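Colleague: After the structure tokens below, expect a handful of questions from me.
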Amino acid sequence: MLNVEGGVWATTTVAPHSTLFRCSCVVLCDTRRRDVGIHYALHIDAAGPTGQRWASAWSTNFQLPSAMKFMVLPQITLPIEPNGGRHVYSFRLDGSHERFDILLDVLMQ
């Protein structure tokens with residue numbers, strides 16, 4: 001089974017009153033031969049500091065071409081609240097109850 005875990009992300013600075021920001025993401029994979037060729041869906045849910053939530057703020061479907069150790073996602077755009085603050089981005093695979101949360105402090109320029 002493919003597992004999603006790990007992450008290092010602390011702050012980002014955006015223009016005042018921004019509601020989105022662009023970023024890159026590298027996913028570390030714990031794969032086995034039996035994972036190769038299977039289709040997966042990765043979802044990123046988001047929550048802002050005031051409790052605003054974005055279910056499936058970003059999603060992608062992919063198929064593992066080999067037993068990879070990491071994959072680089074195409075550049076993505078994630079939602080943020082216009083006043084910044086601490087946001088939580090939850091990474092999860094479709095059909096799995098496991099998720100990995102990344103806390104991000106959004107600072108205004």
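Colleague: What residue among 59, 90, 24 has the largest mean-square fluctuation in a Gaussian network model of the chain, using Cα springs under 10 Å?
Modeller: 24
Colleague: For the stretch 36-109, run through the trypsin sites (Lys or Arg not before Pro) and keep only the ones in DSSP coil with at most 13 other Cβ atoms within 10 Å of their Cβ. Spell out each step's value before the answer.
Modeller: Working: sites: 53, 69, 86, 92, 99; in loops: 69.
Of the trypsin sites (Lys or Arg not before Pro), the ones in loops of the stretch 36-109 whose Cβ has at most 13 other Cβ atoms within 10 Å are 69.
Colleague: Could you work out the relative contact order of the chain, using alpha carbon pairs under 8 angstrom and six or more residues apart, expressed as a whole percent? Don't jump to the answer; show the numbers that get you there.
Modeller: Values: 254 pairs, mean separation 41.6, N = 109.
So the answer I get is 38 percent.
Colleague: Grab the other residues whose beta carbon is less than 15 angstrom from that of residue 19, score K and R as +1, D and E as -1, and report the net.
Modeller: On the way: positive: 22, 53; negative: 81.
In short, +1.
Colleague: Through the Karplus equation 6.51 cos²θ - 1.76 cosθ + 1.60, θ set to phi - 60°, convert the phi angles of the stretch 60-67 into ³J(HN,Hα) values in whole Hz; use x for Gly and Pro.
Modeller: Result, ordered by residue: 8, 9, 8, 10, 6, x, 7, 6 Hz.
Just so you know, all these numbers are worked out from the coordinates, no wet-lab data involved. In this text, all values refer to a predicted model and were calculated from it rather than measured experimentally. Methodologically, a virtual Cβ is constructed for each residue, glycine included, from the backbone with ideal geometry; neighbour enumeration extends over all protein chains shown.
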